[in-house]
Each structure stands twice: as C-alpha cells, then as structure tokens.
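Every number in this text was worked out from the coordinates using simple rules, so none of it is lab data. Note that the structure is predicted; figures quoted are calculated from it, not measured. When we count neighbours, we look across all protein chains shown, and the Cβ atoms used for this are built from the backbone with ideal geometry, even at glycine.
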C-alpha cells in the first residue's frame, strides 16, 4: 500500500504517498517541469521551496530530446538532476488541446502531427506506457481524451468510452520498477457521464485516480460543484488527483472537497508575465507604482526573492527583460503556492482547515476589492 | 593607500585593492552586470563562483531605472543585493560605440540620444561623476573618448586631447564616501599618442589607471604589443585596468604584461549563445555530437553546472530555449574565467606564472587544433 491517509477534516485529507524516489505529502501542489526543468530553476532550488514532486511532460520529452536519449542517460531523474518523485502525464492533453495538429482518433489510439517538425506520430495506451516506462517516472498517467468543456454531450460520451477502453489496456502494460500508475475519469460536468467514467476507471486496479477534463472552460461554480460530488466517488484509500489547477482559491476549494494532488503552470507562467502571487492577489510588477517601492514582493514572505530584493528591483529586472526577474518571481510564486498547500495540510492535521480556508479566501477577496 | 602589490613574477603582479565594500584580489576578472545583474544569476551565486568585484553600467543604469531611483533605494549595492565591490564605467563607451545615436562632441562633453526612448541627453565629466556618486559604486571610471581602432590618427589625437581635458575636470569632482576613481589613457596603438595620453593621465592623482581603446578592432598582436610597452608606463603602485578583455588567452597575456584588472561580457554572452568555455576552447552545445554525451561541460570542473548536469542535458535545455540552460552555461563560463584568473594569481605568488601561462596556452592551442 503506497498511500496512507493520516488525517481528515471534513472531506479534506492529509496523507503520504510513497514512491520509488521519496514521499509525497498530500495535499500536494506539483510544480510543472514541462521539458525536464521547472523553468529558470535548479532542482535544488525547487526542493528548497518545499516541493515534494514535480511533473514532466511526456509529449514534449518524447519529441525533445526523446525517451531513448533520456533512457540512455539514466532516466528522467538522472537526466534532469531532480532526484525526488516525478509524475509524467500521458501526452494526451497536448495532443487533444493542440487541435490543429490532431489528425485522427479511433478506438486504438490517436494520430497527430508533432508541433516540433510536423511529422506524423501515433499514441496508443501501450505506446504511452512504454514511453513513460523508459522515462522512468514515479507516477505514470493513463492516456485519456480530454475535451474542452463546451463540446456536445455526444463528444463527452465518446471521450468517456475511449478513455475507458484505453485505461483497460494501459492498466496492465509493462512499467518501470516501482512506477505507480493513475487512471483518469472524464465526463465533463455531466453527472451521468462523469459517474459512469469514475465507476469504470475505479473498477481497474490503479494506484491513484484523477479527475481530468475539469478546469477546461466550464465555470468555477460548475467545476467545484462537480468535484464536490465526484471526489467522494473515488476510493478513499487511493490518492485523488485534480489535473491542471494551481490558483489559491481553486487549491483551497478542491482540498476542501477531498482532492490530494494538483498541478498547474499558473505560478511559473504568471512569473514570466511579470506578476507575483500574494495572499491578497496578484501584483503586476510592471505597474509604475512599484518603481520606488523598497518592500519585498510580499510582506513577511520567507522566499529567496523576498529575503533579498525589493519590488523596485524586481520591477526594474522585469522591465529590462532580465532573466533574473523571471527567476525571482518564479521562486516567489512557487513558494507562495507550496506554502499555501503546506499550510492546508497542517490545518487539516489540526482539524482547523475550515478556518484556514475561510481566512485565506477572505484575504484574497479583500485584496481583489482593494484593486477595484 | 588602497592598493598593495604582494608578489611579482616578471611583469606579472599579484595584489590586493581595498575598497569600501571589500578587497579585490588581483589579477581580477570582473563579471559584467550591465543593468545591475550578472545576467541570470543571483548575487550570492556570483560570489560563490569566486568573483570579488562586478561591473555596473552607468549608461544603462542612468536611463533605467535612473540614479535617482537607485539612490533612493540605498545605492547600487542595496538595490541589487550585491554587497561586494562594484566598478562603474562612465557611460562613454556606450555613447561612442552606439554611433548612430551620437549627436555632438565638444570640449565640454557629449550630446546623444538615449537608446531607450530617443530623448536627447548630455554627459560631461561633472555629470558622470555625479551619476556615479549617486549610484555609490566603489570604483568610478572617468568619462573618456574611446574610438574604434581604425579611425584616423587625427581622430585618435582628438580623443586623447579631450579625454585629458575631461580627466582634469573629473579628478576633483565630488565622489561617494570611499569611492575610488580611475583615469583612462587612450591613443590606440600609436606609440606617440598612447604615451602622451598615459603621461597626461598619470599626472593626475587617480586611485588607478586604465588602458582604454584597446581590443576595439586592432589585431591581437598589435594589442599585446601595445600593452607590453604601455603597462609599464603606468605607476607600479596603482592598479592597472585593461578595459574590455575576457578570453583565456587575452587574460593570460595581459597579466604577463603587468595588468591587474579586466572585464568583459564574453563569458556571459558566450553562455547565452549556447557555448561553454573550457581549457581546450569553446564547445557549442548545439552540436549534435553532444546529444547523448553523459559527461560534464568540462572534465574535472567543480562549477555548479558540471557538478550536477551532463552535456546532453545542457544541450537539450539550450535547444529548447530553456532559461536554465543559459544559467548553467553562465555559471560554468564565469567559473572557468574566474578560476583561470585565480590560478594565475596563485602561480605569480609561487613565481611560476610563465609555466602556468605556457601550459594553459598549449592546452588551448591543442584544443583548437583538434577542432580543425
């Protein structure tokens, strides 16, 4: 048994997921290292920010540098220098979201053109399992079909059907030593389809279960409503992963509904647009009001950026397109997101998660109101 | 007296320059932090690579964010987080090398348009001293006229004349507490003009003396010949600074001729083109032969990049335009350059500099021959 729930508080859970490369304390935010690096950061920095696990991207790593190169160099951990747990997605999200490169989907798999050189490629459940086996990740996600929220019910139904067919083939495919494999339920926000997908996927012996196909265009209310009734349908003794979520409000709300893991490019991408995440909302450092501001990005923050640098300096770096500016904002934004999540874990352990969430949401709301 | 020569070996010298923010051990390579940051690196990383002093750029800092902002934030050290010595150039090199923005030079100063917004600006010796005073650098360079090597003798002569006029005005201008000020000799490779300029500048009570207007288009042989007879004309009891030099061969050859300090964007700029500096020459990491190379950038190197990452990984990062790739190469290239210089210092102290230089040059030459 690789997952232990250590405390619960309402639907919220605190646990530990054991992997071949170390423990993941849940709730866990997973920084995204798309191409084998969390952008701008050294692995040791990512670790020092408090991350237990990072996410790698099977689609991109398959094309550049290729799983053969990574395998020859000793696998994804040795190649990238990150020796902690790594979760790899299936590549399906990229294939289905880069819609103009999508050629054909059938019950066997999906054919598409590479965004790198236009060459035709095919992914099947077996092929995705093989690539992830060679990458040597600790958690491998199943190939699924992730449609945008606004497609027809018919299309959602077809996504659920094929996702199930593929999961049944991938569940028993060869895997790297110690590699865990997670299944993914689809079905959008439709109760019948989502329930059907969950029931089908949890009927297969995966090490964890994910809700896919949410935060893809539906409203926040619909999303949270769906997580609220869908998460409890997933087995309590397995980790529950909400794919693609990383804003403060979203994190607190899905934890409250029983989710254990989540990932998003939001903290790192927001950094690269020149903005800092804070308890009171976002700061756009390009704003002229920060030009002479001697304070840190966020008062009381202990991150490496706030420990040594002013808003005025970060603004100067961002405006001058100095890479150090992106790096300082990346450090801060990941620290913020990881601390928020660690704080939630601690509050759950104390049985005080409701107050923790309410306080954090009140601060965020106050910040938004000030900005108006 | 702020400079002490601790050892000599032939014309080569090992010394210590004391500044308000710490000691500079010479020979010293000064990494360039044009806009207040050595590109991609935190100040603590620059320090850990072994740099004693960094260079800041008066031209760029004057326009962005402006010396008023930097002064208000506590000066360049507090603003950037680098608490060691900082040398600031005068801005003259940018004004005269960005030739299509140059409007008018007269005996009083120079008028030009800002590369940032095209606004008209004027620099005079007094103005440059004032900007550097407000920046609070430890070593402030004089405003000089630095022509390219291939201008007429007449133009070189005019540069020498005005550089002298300006030095006579700047030498007594107000300065920041403890700030040292260096004069600059011009005159290209012409013995008469260069000697005239040196004699004029060393007649003024500067804390150090620089050779400017070399490595600006003349041949390497002409340049080294000029340094060879010009450096000994500078006072032995003051630091001698060769402006704008940072390749391995050049560093060894100017040290051999009695130079104490030098700076160049070469190590950091080379990093951003995807190349590593090594004892056997440059490696272009984009080269396909590194695709599966598990070795470090340079065998036996102790830099943070070589300690943890393979050529194959760095190549992947460079090819994918991941900022971490530029950062790893910047770390390595600065480490290489700083170690080469520290090794020279140590060899001078032992009286073994000739052998050190000969061995290093032989390795470089062997590397170049292998590449052919």
Sorted largest first, the Cα spans of region A:115-157 on the principal axes come out in Å as 36, 28, 15
In Å and whole numbers, how far do the C-alpha atoms of region B:163-280 stretch along each principal axis, longest first? 44, 35, 24
For region A:271-371 the mean separation of alpha carbon contacts under 8 Å (6+ apart) over residue count, i.e. relative contact order in percent, is 31 percent
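I'd like to compare A:316-329, B:34-47: which one has the highest average count of other Cβ atoms within 10 Å, and what's the full order after that? All intermediate terms of the calculation are to be shown ahead of the outcome.
Values: A:316-329: 23.2, B:34-47: 21.5.
For the peptides A:316-329, B:34-47, the packing ranking is A:316-329, B:34-47.
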Overall Cα dimensions of region B:271-371, principal axis frame, Å, largest first: 46, 27, 21
Measuring from centroid to centroid over Cα atoms, what is the spacing of region B:59-111 and region A:197-257 in Å? 54 Å
Quick note, region A:220-274: a/c under 1.5 would make it rounded; otherwise a/b > b/c is prolate and the rest oblate (a ≥ b ≥ c, C-alpha gyration tensor); here it is prolate
What's the center-to-center distance, using Cα atoms, between region B:276-353 and region A:336-372 in Å? 44 Å
Rg(Cα)/(2.2 N^0.38 Å) for region B:3-264, N = residue count: 0.94
For the protein assembly as shown, how big is the tail of P(r) above 44 Å, as a whole percent of Cα pairs? 36 percent
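Using only helices, what value at 222 nm comes out for the protein assembly as shown when you add -39,500 (n - 2.57) per DSSP H run of length 4 or more and divide by the total residues, to the nearest 500 deg cm²/dmol?
It lands at -12500 deg cm²/dmol.
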Relative contact order (percent, whole number), region B:34-174, Cα cutoff 8 Å, 6+ residue spacing: 23 percent
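Can you give the mean number of other chain Cβ atoms that lie within 10 Å of the Cβ atoms in peptide A:78-91?
Details: counts 3, 6, 7, 7, 0, 0, 0, 0, 0, 0, 0, 0, 0, 0.
Per residue, the number of nearby Cβ atoms from other chains is 2 on average.
Roughly how crowded by other chains is peptide B:38-44, in terms of the mean Cβ count from those chains within 10 Å of each of its Cβ atoms? Let's see the in-between values first.
On the way: counts 2, 3, 6, 3, 9, 3, 2.
Mean number of neighbouring Cβ atoms from other chains: 4.
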If each Cα of region A:71-168 is one equal point scatterer, what is log10 of I(q)/I(0) from the Debye formula at q = 0.13 Å⁻¹? -0.51
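Take A:2, B:119 and order them by how many other Cβ atoms sit within 10 Å, fewest up front. Show your work: numbers first, answer last.
Values: A:2 18, B:119 9.
Ranked by crowding around the Cβ, least crowded first: B:119, A:2.
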Cα gyration tensor, region B:1-141 - rounded (a/c under 1.5), prolate or oblate: prolate
Over all directions, how big on average is the projection of the convex hull of the alpha-carbon atoms in region B:322-372, in square nanometres? 4.3 nm²
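So what is the relative contact order of chain B, in percent, for Cα pairs below 8 Å that sit 6 or more residues apart?
Details: 755 pairs, mean separation 63.6, N = 372.
Relative contact order for chain B comes out at 17 percent.
Shape call for region A:283-341 from the C-alpha gyration tensor, a ≥ b ≥ c root eigenvalues: rounded (a/c under 1.5), prolate (a/b greater than b/c) or oblate? Walk me through the numbers on the way to the answer.
Working: a/c = 1.96, a/b = 1.48, b/c = 1.32.
Taking the square roots of the gyration eigenvalues as a ≥ b ≥ c, region A:283-341 is prolate.
If the viscosity is 0.890 mPa s and the temperature 25 °C, what Stokes-Einstein diffusion coefficient in µm²/s follows for region A:140-208 when Rh is the Kirkwood radius over Cα pairs? The partial results should precede the final answer.
On the way: Rh = 12.2 Å.
For the chosen part, D equals 200 µm²/s.
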How shielded is B:27-35 by partner chains, expressed as the average number of their Cβ atoms within 10 Å of its Cβ atoms? 1
